[in-house]
Each structure stands twice: as C-alpha cells, then as structure tokens.
Amino acid sequence: MKIAVCVKQVPDAAVTKRIDPATKRLDRSGETALNPVDANAVEEALRIRDASGEGEVVVVSLGPEKALDALRKALAMGADRAVLVSDDAAAGSDLVATSYALARALERESADLVLFGQQASDGDGALLWAAVAERLRRPMISQAAELTFENGSVTGKRQTEFGYDVIRASLPAVVAVADSINEPRYPSLKGIMGAKKKPQDVVTLSELGIEPDRAGSAGSRTEVLALSAPPPRGDTRKIEDDGSGAEKILEFLAEKRLVQ
Amino acid sequence: MTTLVFLEHHEGELQKGSLGVLGKAAGLGHPVSGIILGSGVEGLAADAGRYGAATVYVADDPRLEAPLPQPRVDALAQLVEEKGIETVLFAQSILSADIAAALAARLDAGLNWQLVDLEEQDGVLVGKQSALGDSVLVDVGWTSTPRLGLFRAGVFDPVETGAAGTLERLDVRFEEHSLLAEMLEQAHEETSGPSIEDASVIVAGGRGLGAPEGFGMVEELAKALGGAVGATRAVVDAGWYPYASQVGQTGKNVSPALYVACGISGAIQHKVGMQGSKVIVAINKDPNAPIFEFADLGVVGDVNQIVPKLTELVRARSS
Ligand SMILES: Cc1cc2nc3c(=O)[nH]c(=O)nc-3n(C[C@H](O)[C@H](O)[C@H](O)COP(=O)(O)OP(=O)(O)OC[C@H]3O[C@@H](n4cnc5c(N)ncnc54)[C@H](O)[C@@H]3O)c2cc1C
Ligand SMILES: Nc1ncnc2c1ncn2[C@@H]1O[C@H](COP(=O)(O)O)[C@@H](O)[C@H]1O
C-alpha cells in the first residue's frame, strides 16, 4: 500500500506562540517541531506499511524551506521519502489555498491512503483533511482512534459527542488520526543518520501547475483584520513542587474552604 | 444578506449549539434560513422555525440517515448555489467541522473557525476568533462570498422567537465520492450512575498518569474529596477510562466548585468543557503546559508523587 502522510512544522511546545502584529501571521521564527499528532500519523503509516510488507510512506508538507526539519524527523522515524511544497508565494495560505496546494501535490503521488493528524497545534483547526478529501474527491474518516484494513477498504473507529462511530471507506481514502491511535517511536540514531540520504523533494507552486492567484493571500478567502487581548482571566499562580506540592495544594484548598 | 445555518440533530432533537447559532444569526437583523438533513426529519422543521429560521430547508433521504459529512456537503453546495446564499454558519461538532471544511473546498469559500462572536460593522461581517489557546482575540473577515463560519461549542444560548418558518423541500443530487463511506456502527453509551455534570468536585486524569492503573490514585483522591472522576479524550480513546467521564468539546461540560487536573495538558478542546469550574488546580510536570495558563493553582511536578500524598493529607485532615 502506498501511503502519503501530511505533516506540518509548528512552533515547539515550549515556545509562547504569538501572532506578529505587523504581518498578522503566526510568528514562526523560534524553535520548531513536527506537529505532535502528525508523528502519530507517521507511526500509523509505518505500521501499515510494515504489516503489509510492501509499499511506501511519503511525507508531504506545505511550508517554508526550514519545514524540511520536520520532514526529516518523519524520515528518521522510517518514512521513505519527503515532498515539501515551498514557495514564497504560498505564505499566508488559508484553508482554501492550503488544501488546494496540498491536493495538487497529493495528486502526483496517487496514494492508496492519505493520512493526517487530527489537528495542528498552532491553528486549532482540525479541518484540513476534509478540505483535501473533497478536492481529491475521496471518502474520509476523521478523528480515527483505531484503523483496520480489508478488501480494499479501511475501517475507522472514532469518538463523537455521543459515543463511538465505526466507519468504513473504500480505498483510496483520506483518514485523520487521533493522538490515542498509537505511541510514536523515537527515531534511532541509525534512522537519523539514514534520513539525510532519503529523497527530499522541494517543489514550487509552478512545478505543481498551481496558478499564482490560487496560493498565498491571493488564493485565500479569509483575512485577519485586527488583534486584541482576550478578556482578562482571574489570578493564576504556578509553583514548583519542591517536595511540598501536596501540602501547598491542601493549604490552598483550605483557604478556599474546599476541604473541611 | 442571505444567511443559512446548518442545523445538526441527534435522536430526533435539534442540537442546542446549532440553535444557538441560529439565534445569533437571526439577531443580526436579516432573515435567516436553516437546513435540516437526514432521514425522517421533516418534523424538526417546526422547531427550527420557533428558534429563528424564517425558511427551513429539509432534505429527507435515506442516504442522509447516517451522520456522515460528504453527502451533506452535496446538499449544502447545491442549496448555496441555487439560492445564492452568502453566509453559511455552523456550530462546532465533529460532523459540522468536517462538513464546513469540505464545503469550503467545494465552493472555494473562506472558512473562519473557533469563532466566539459575529458582528456586522458598516454592513460587513466580522468574526471574533479566539486563537492560540485563548491568548489572543482575532477579528477575522471574508474576502469573497459565500462566507463560512464555525462557532466554538456552546457560545450562544438558543432564543425562542415563537414564529413559524416556511418549509421548503430539497432534492439532493449526490456526488459519487460522497457515497463511498459507510456508517457500520454507532455505539452510543447509555450512562448509568450519577453524572459527573452534577458533581461538586471533579478529579480528572490525562495521559500524564502514564498508564490505566494511574486512575487508581485519581479515584482515591476523588473519594477523599467526595468527588467524581473525569478524564481527557486521549485516555478515553485509549481505553483507560470510560467515555461517560470525558470532559470537553466531545464530552461533558462541567462546572464544579473544584476541578483537579492530573497529568492533563489543557488542550483547548478539554478547556471548553471545564473552564466554568470555580476553582481549578493543576498538577503537570511540564512548566509550559497550557493548563497553567488558566489554573488558579498550578503545581509543576510529578502526579505520582503529589496525588497520593495529597490524598493522605486530605484524609488526615478530615478524620
Ligand atoms: C475535534 C476534537 C475534539 C476533541 N475533544 C476533546 C474532548 O472532548 N476532551 C478532551 O479532553 N480532549 C479532546 N480532544 C483532544 C485534545 O486536543 C487533546 O489531545 C487531549 O485533551 C489531550 O489529553 P491529555 O491532556 O490527557 O494528554 P496530553 O496532551 O498528552 O497531556 C499529557 C500531560 O501530562 C503531563 N505529564 C506527563 N507525565 C506526567 C507526570 N508524571 N506528572 C505530571 N504530569 C505529567 C505532560 O506534561 C502533558 O502536559 C479533541 C480533539 C479534537 C481534534
Ligand atoms: N502546511 C501543512 N502541510 C501539510 N500538512 C498539514 C499542513 N497543515 C496541516 N496539515 C495536516 O493537517 C492536519 C490538521 O491540521 P489543521 O486542520 O490545520 O488543524 C495536521 O495534523 C496535519 O496532518
């Protein structure tokens, strides 16, 4: 089975995320990481490939040149090949433009299965796969916490507001996975060394035949108008546990009259 | 300005979130229509009218029986094009999010999400988006029509207007790819015993408990404090704790006097279900965990050390 996995480079969890007031875009200058749940999607792809004993895992991303770091992490985990769609003209792409560019890159791959993570940690969208599935005209399953394959179809179990759904889709299909689906492996030293030699294709929009007015701000249908501070929160206090953490909590609860 | 609200329903009832959005849209002062998609759902049209829909479009089709997104995208795209609808609004849910995003691609229409409000400024629609873990409020706009908007769960309460809407039936032409997914099973747990929604103290556990057994110490602390046990989706999905205990966007909405979060990162989907708690205490070993942004008391430390000790202290105090 040929599997494409869409992954995103996001600000590292330790970085305080901010929107640059000048560009009104997310500041991506600090430490970065592979979007955490995308590592689950890569892990799932590797397991499917290895269980079937054949096939290929290609990781696909849209982002600046430095997003190659995130793709290399996926290669170090064991993915076979990386494709990065990178172009100055793609900066500032919204859902409409991003899904268009990714779909064009995915069309070239014609994978049997396209995997996504359930959400990018910098956008809280949890939406992109549905737009891509629609552009590829393929069935989709979102939030999958468990996947099984049989006779040219994929079955996913996923949680909704009411309990669990079990959905079957014929292949080729698009699936977004939840973070509980597996425990992603850590890349081994050998994997990290080997990643450098794996094919890493950086493609521009024109190489994918994407018209300039379909990418970046020109291809987007939404805009950021203004930024403001959120409504103030109450007081918050953070302390380090130096061995007395439990006592401190008890004192606090007593102060608030939450224990007798 | 023509506005359409997607009205989600479950077990014969329109969902509160969708009705809230309908009320919000009607409050902007233009006629608003609603759309109900399903099988055997025409009876719901009257409710939609009562909550603010001047026109209620209904497509009744066995192929719309299962709550799958893609056949619904066909119906919405068709209606938007036929009626020249300019704005389509949704209330956040697993189903609605998938529909909204796929519809955005189908119509090349801008979609703004995590909206907490919508205003008309000089005749232009502006959405209020709460972004980056609620650290910034963003005014967002649309550069073309149709405009699509997805509201955060539970931001508006439904408003009964008492009026009756006009019913219009819709015949959907389905795309081939929209019918390639099939709902095999819907296991909707009946909850038994007291609901965590009524508990005045909740001790909740997340993946930081390390293993399902970690819930043992959470249960002990809950017992000592006279409370109930909550959980994150990550651990419920992983089978560590039952779904009935899940707090968050796809779980329960709780507002106890005390919420103790143990090994929980504080993702936005968890936060929306518990931010109404009066006092929030968090124990997490990562000083940068988002939960510390909104916990009244945050302790950076190991749950395995702190939770059992706290249980002992609480017991010693109350005995
Ligand atoms: C559409 C959608 C709907 C969702 N609905 C919900 C929902 O209803 N409810 C919900 O909860 N989530 C929901 N989620 C998932 C949500 O985004 C998060 O993935 C989830 O809440 C994370 O759960 P967690 O905090 O247990 O795990 P993690 O995010 O993995 O956090 C675990 C935390 O434990 C800490 N930790 C680890 N070890 C220790 C230790 N020994 N001591 C102390 N701390 C430790 C870590 O530092 C970390 O912060 C939804 C997601 C999507 C996309
Ligand atoms: N720029 C991108 N390039 C490739 N994949 C992406 C990109 N942005 C998001 N994704 C994928 O889409 C998923 C959902 O993202 P989102 O809808 O932005 O929350 C992520 O978990 C990734 O799998």
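The values are calculated or read from the model by the stated rules, or taken from the named source; none is laboratory data. These figures come from a predicted structure and were not determined experimentally. Positions of Cβ are backbone-derived with ideal geometry, glycine not excepted, and every protein chain shown enters the neighbour counts. The accessibility values were calculated without ligands, DNA or RNA, using every heavy atom of the protein model including side chains. Shrake-Rupley method; radii C 1.70, N 1.55, O 1.52, S 1.80 Å.
For region A:202-260, the list of trypsin sites (Lys or Arg not before Pro) that fall in a loop by DSSP and count at most 14 other C-beta atoms within 10 angstrom reads A:R233, A:R257.
Taking a ≥ b ≥ c as the square roots of the eigenvalues of the alpha-carbon gyration tensor, region A:84-234 is classed rounded because a/c is under 1.5.
Give, as ranges by residue number, the residues of region A:195-216 whose backbone N falls under 14 Å from the point 7 Å along Cα→Cβ of A:D88. Label zone hits: A:205. Whole Å is fine, so just give me how far the alpha carbon centre of region B:120-148 lies from that of region A:218-241. Comparing the Cα centres of region B:120-148 and region A:218-241, I get a distance of 14 Å. Across chain A, the relative contact order, built from alpha-carbon pairs under 8 Å that are at least six residues apart, equals 23 percent. Dipole size of the protein assembly as shown about its Cα centre, with +1 on Lys/Arg Cβ and -1 on Asp/Glu Cβ: approximately 1120 debye, rounded to the nearest 20. Under the convention that each Lys and Arg Cβ holds +1 and each Asp and Glu Cβ holds -1, the size of the dipole of region A:157-260 around its Cα centre is about 420 debye. At an R0 of 51 angstrom, the distance between the Cβ atoms of B:H30 and B:E213 translates into a FRET efficiency of 0.35. Using a 1.4 angstrom probe on protein heavy atoms only, the contact between B and A buries about 7400 square angstrom of accessible area, both sides summed.
Dipole of the protein assembly as shown computed with +1 at Lys/Arg Cβ and -1 at Asp/Glu Cβ about the Cα centre; of B:V124, B:P31, A:L62, farthest Cα towards the positive end is A:L62.
FRET efficiency for the pair A:E31 and B:K83, taken as 1/(1 + (r/R0)^6) with r the Cβ-Cβ distance and R0 = 35 Å, rounds to 0.10.
The residues of region B:68-106 listed by number as losing at least 50 Å² of accessible area in the complex, against the isolated chain and with a 1.4 Å probe, are B:Q70, B:I94, B:D98, B:A101, B:A105. Protein heavy-atom surface of the protein assembly as shown, 1.4 angstrom probe: 48% of the accessible area is carbon and sulfur, with nucleic acids and ligands not counted.
Taking 0.36 nm per residue of sequence separation and removing the Cα-Cα distance, the A:T16/A:E223 pair yields an extension gain of 72.2 nm.
Distance from the alpha carbon centroid of region A:76-121 to that of region A:182-212 works out to 11 angstrom.
For region B:124-202, what relative contact order do you get, as a whole percent, if you take Cα pairs closer than 8 Å and at least 6 residues apart?
It comes to 14 percent, rounded to a whole number.
Here the convex hull built on the C-alpha positions of chain B has a volume of 148 cubic angstrom per residue. Comparing Cα centroids, region B:55-92 and region B:238-268 end up 32 angstrom apart. Within straight-line reach of B:K24, meaning a Cα separation under 16 Å, sit the following lysines at least 8 residues removed in sequence or on another chain: B:K16, B:K128. Per residue, the solvent-accessible area of chain A (1.4 Å probe, heavy atoms of protein chains only, all protein chains present) comes to 44 Å².
When both bridge partners sit in region B:35-146, DSSP labels roughly 75% of those beta bridges antiparallel.
Site-free segments of chain A were taken between GluC sites (Glu not before Pro) in DSSP loops having at most 13 other Cβ atoms within 10 Å, sites themselves excluded; the longest one is A:55-260.
Measuring nothing but how far apart in sequence close Cα pairs (under 8 Å, 6+ apart) lie, relative to its length, chain B scores a relative contact order of 15 percent.
Among beta bridges identified by DSSP and lying wholly in the protein assembly as shown, the antiparallel ones come to about 35 percent.
Beta bridges per DSSP, both residues in region A:37-185: antiparallel share near 50 percent. Is the shape of region B:109-237 best called rounded, prolate or oblate, per the rule: a/c under 1.5 gives rounded, else a/b larger than b/c gives prolate, else oblate, with a ≥ b ≥ c the square roots of the Cα gyration tensor eigenvalues? It comes out prolate by the Cα gyration axes. The GNM of chain A, with springs linking C-alpha atoms under 10 angstrom apart, assigns the highest mean-square fluctuation among A:S142, A:S244, A:S52 to A:S244. For a straight C-alpha distance cut-off of 23 angstrom, the lysines reachable from A:K238 (same-chain residues fewer than eight places away being disregarded) are A:K17, A:K248, A:K256, B:K271, B:K278, B:K285, B:K309.
Once the Cβ-Cβ distance between B:D157 and A:L189 is put in as r, and R0 is 56 Å, what FRET efficiency do you end up with, to the nearest 0.05?
That pair, B:D157 with A:L189, gives E of 0.50.
What region B:191-245 shows is 40 Å² of accessible area per residue, with the surface traced by a 1.4 Å probe over protein heavy atoms. Note on region B:88-156: with charges restricted to the Cβ of Lys and Arg (+1) and Asp and Glu (-1), its dipole about the Cα centre is near 220 debye. Positive-end ranking of A:A120, A:I48, A:V7 along the dipole of region A:1-159, with charges on Cβ about the Cα centre, is headed by A:A120. Computed over chain B, the per-residue total of -39500 (n - 2.57) for DSSP H runs of n ≥ 4 gives a 222 nm mean residue ellipticity of -8000 deg cm²/dmol, rounded to 500.
Among the residues of B:141-150, the average count of other protein chain beta-carbon atoms within 10 Å of the residue beta-carbon is 3.
Farthest toward the positive end of the dipole of the protein assembly as shown, out of B:V201, A:N151, A:T222, is the Cα of B:V201, where the dipole comes from beta carbon charges about the Cα centre.
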